[in-house]
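To start, the structure under review is shown below, and the notes come after it.
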Amino acid sequence: MRTDRPQVRLSTVVAVVAAIAVVAGTGRYSTLALGSGLLGFALVTVAVLTERQALLTLGCAGLVAAVLAAGAGRAPTLVVLAGTVAAAVAWDSGRTALTLADQLGPTADVTRLELVSIGSTLAVGCVAGAFVWRLARVELDRAPSVAPLLLLVAGIALAGALYYRGDAHSE
């Protein structure tokens, strides 16, 4: 780890706490969810402490695998949605922790920017999750096969929103 830049502590802590939330929420629904969640948590933690983007990506993939395994293990829809949002928060906060200080320089105070990034990711995730949860409740009564499709569309929309928001940070 380089010493010429400030620690982006808030984003680092949020990324690790979000990874813990995924493991805590999904791990009890299957052994696979617990194992992939713990692996994802470990990789996210190592990634933000050693500044390695590839490990962050792999760790968040493990967190998403934990959410999918929990869903396959009959986890409630709310657990799957919350786990998905937590995995997105872990990825975005970890990415912020790894890139923000590089973009603004070693002496910049980045706390406000971290708060905005974390808040906007949570807001997008919660709004998308609430929308899909409500649609899933309505559609589950009519056609159970529609709910997974809605979850997939929500996941793609969340990933797209984070991708394009990430492009705005890099310019």
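Set side by side, the residues Ala24, Ala61 differ, and just one is in contact (Cβ under 8 Å) with a residue 12 or more places away in the chain, surrounded by fewer than 24 Cβ atoms within 10 Å (Cβ to Cβ) and of a type outside the set (Lys, Arg), which is Ala61.
Taken together, the residues in region 68-97 that are aliphatic (A, V, I, L, M) and in contact with a Phe, Trp or Tyr (Cβ under 9 Å, 6 or more places away or on another chain) amount to 8. Within region 76-87, the set of residues being small (Gly, Ala, Ser) and surrounded by 22 or more Cβ atoms within 10 Å (Cβ to Cβ) comprises Gly83, Ala86, Ala87. For beta carbons closer than 9 Å, sequence separation of 6+ or different chains, a first residue in region 68-97 that is farther than 23 Å from Arg52 by Cα and a second that is of a type in the set (D, E, K, R) and crowded, with 23+ Cβ neighbours inside 10 Å, there are no qualifying pairs.
Read-outs: derived from the displayed coordinates by stated rules, not from any lab. Bear in mind the structure is a predicted one, so any value in this text is a computation, not a measurement. Here Cβ is always computed from backbone atoms with ideal geometry, including for glycine, and neighbour counts include all displayed protein chains.
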